[in-house]
Amino acid sequence: MKMYQEIVAIKTSGKCLHKITPQVMTVVKNSGIQTGICSVFILHTSASLIIQENADPDVLADLSNFFSKLVPENGVDYLHSAEGADDMPSHIRSILTSTSENIIIRNGKLLLGTWQGLYLWEHRSRSNLRQVAIHIQGE
Amino acid sequence: MKMYQEIVAIKTSGKCLHKITPQVMTVVKNSGIQTGICSVFILHTSASLIIQENADPDVLADLSNFFSKLVPENGVDYLHSAEGADDMPSHIRSILTSTSENIIIRNGKLLLGTWQGLYLWEHRSRSNLRQVAIHIQGE
Amino acid sequence: MKMYQEIVAIKTSGKCLHKITPQVMTVVKNSGIQTGICSVFILHTSASLIIQENADPDVLADLSNFFSKLVPENGVDYLHSAEGADDMPSHIRSILTSTSENIIIRNGKLLLGTWQGLYLWEHRSRSNLRQVAIHIQGE
């Protein structure tokens, strides 16, 4: 049984869903592991991870739009406002999505459904360099 | 340390919460692993997993009702509508729940609380054959 | 490759976010594992786990406030009401957050971002003794 860890930096440019399946696949290849589990963990509380449809970009637009309405920036009296109107909503949106995703490795590849992609969701308005930690365990 | 993988097909019949604890327990038994971790991963983006109360069916009815109101099918202008009015809400409901659950194995059994059951949540209106991948690691 | 399991009891005093990073760190130390993965799993369906900002307590207050409005106790006709007005909302709030969190271990420590803390979220009004199962795998 082997283990392999890497921390990958992802540059974001404001609120957006960034597909990171290719970066994680590269780490799986680097590990040389054929069968096992890949844990992907974002080291932040105002950006998060989701696994969603990778085909129609309208799905991502609808997701963003839904979350903008569910967790609004304006019209809510957040106590935590010193870091900007987009910060507290970012924390809430992180809670409603995922800090980590755990994907099975089979035949040296991430075992994802045909339509599944792994996305980093940047919830802040400004650009950020986000750290994503990856731990792989297997053989 | 051993590893064991299986992909289980679950037939759904429209929107419903299907308890899949028994199917996953069977895979744990097949693995022969007594201590370890069991990763359950659904290979779809319009159905998801949750761990919830397995006693009172009213809890499941209330959950379904809450999500129907939180993520409505009608009255929202989704861009992604070509696959039916229930498709985009299904993607959003998947995001708000889980694509995978990781359950500890102890004494050859899933370590769940007394009231916890693992459910596959079918969010689409039509029947589907859903693929659930299971990876077990331990001894 | 080693494995280590412990079940930790956490006493809660009504609705609150309890930081449990220190308790989990103690279990990691007990395990002696330097590199690996730590799975934290709450054995209940009316309390849950989140990873969130550990600096400004206002963030936790805003989170609680947001969830109180999103999943109200009153004004909704829940079918499941025999266990109290706070029980069904607790189940829904659990679904919207996490039953388990999986944190990478690096250099004998939980690999968390600077601002990340692990919290047990008690959703019930009364005090409870909550069981949190921890499974660590690594070397």
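The values are calculated or read from the model by the stated rules, or taken from the named source; none is laboratory data. The structure displayed is predicted, hence computed values, not measured ones. For neighbour counting, all protein chains shown are included, and Cβ atoms are generated from backbone atoms with ideal geometry for every residue, glycine included. Keep in mind that these areas ignore ligands, DNA and RNA; they rest on the heavy atoms of the full protein, side chains included. Shrake-Rupley method; radii C 1.70, N 1.55, O 1.52, S 1.80 Å.
The HN-Hα couplings worked out from phi for region B:109-124 by the Karplus form 6.51 cos²θ - 1.76 cosθ + 1.60 (θ = phi - 60°) are 10, 5, 7, 10, x, 3, 9, 8, x, 9, 10, 8, 9, 7, 9, 7 Hz, whole numbers, x standing for Gly and Pro. Across peptide C:50-59, the average count of Cβ atoms from other chains found within 10 Å of a residue's Cβ is 6.
Taken about its Cα centre, chain C carries a charge dipole of about 480 debye when Lys and Arg each add +1 at the Cβ and Asp and Glu each add -1 at the Cβ. Using a cutoff of 8 angstrom between alpha carbon atoms and counting only pairs six or more residues apart, the relative contact order for chain A works out to 57 percent. By a 1.4 Å probe calculation restricted to protein chains, A:Glu6 has an accessible surface near 50 Å², given to the nearest 10. Whole Å is fine, so just give me how far the alpha carbon centre of region B:1-49 lies from that of region C:68-84. Value for the Cα centre distance between the two parts: 31 Å. Sorted from closest to farthest, the other copies place their C:Asn107 label points 4.0, 4.0 nm away, with each point set 7 Å from Cα along Cα→Cβ. Counting Lys and Arg as +1 and Asp and Glu as -1 over every other residue whose Cβ lies under 9 Å from the Cβ of B:Gly14, the net charge comes to +2. In chain B, helices alone account for a calculated mean residue ellipticity at 222 nm of -8000 deg cm²/dmol, with every DSSP H run of four or more residues adding -39,500 (n - 2.57). Partner shielding of C:61-69 amounts to 4, given as the average count of beta-carbon atoms from other chains within 10 Å of each residue beta-carbon. In chain A, the longest principal axis of the Cα atoms and the axis of helix A:87-96 are about 50 degrees apart. By a 1.4 Å probe calculation restricted to protein chains, A:Cys38 has an accessible surface near 0 Å², given to the nearest 10.
Counting only residues at least eight positions apart within a chain, or on another chain, the lysines with an alpha carbon under 30 Å from that of B:Lys15 are A:Lys19, A:Lys69, B:Lys29, B:Lys69, B:Lys109, C:Lys69. A dipole drawn for region A:39-92 from +1 and -1 charges on Cβ atoms has a positive end, and of A:Phe66, A:His80, A:Asn54 the residue lying farthest that way is A:His80.
Across the copies of the chain, C:Thr26 has label points (7 Å from Cα along Cα→Cβ) spaced 4.2, 4.2 nm apart, shortest distance listed first. Of all chain B residues, the one whose Cβ lies closest to the rotation axis that maps B onto A, given with that distance rounded to whole Å, is B:Met1, 3. Between copies, A:Gly84 shows label-point distances of 4.1, 4.1 nm, shortest first, with the point placed 7 angstrom from Cα along Cα to C-beta.
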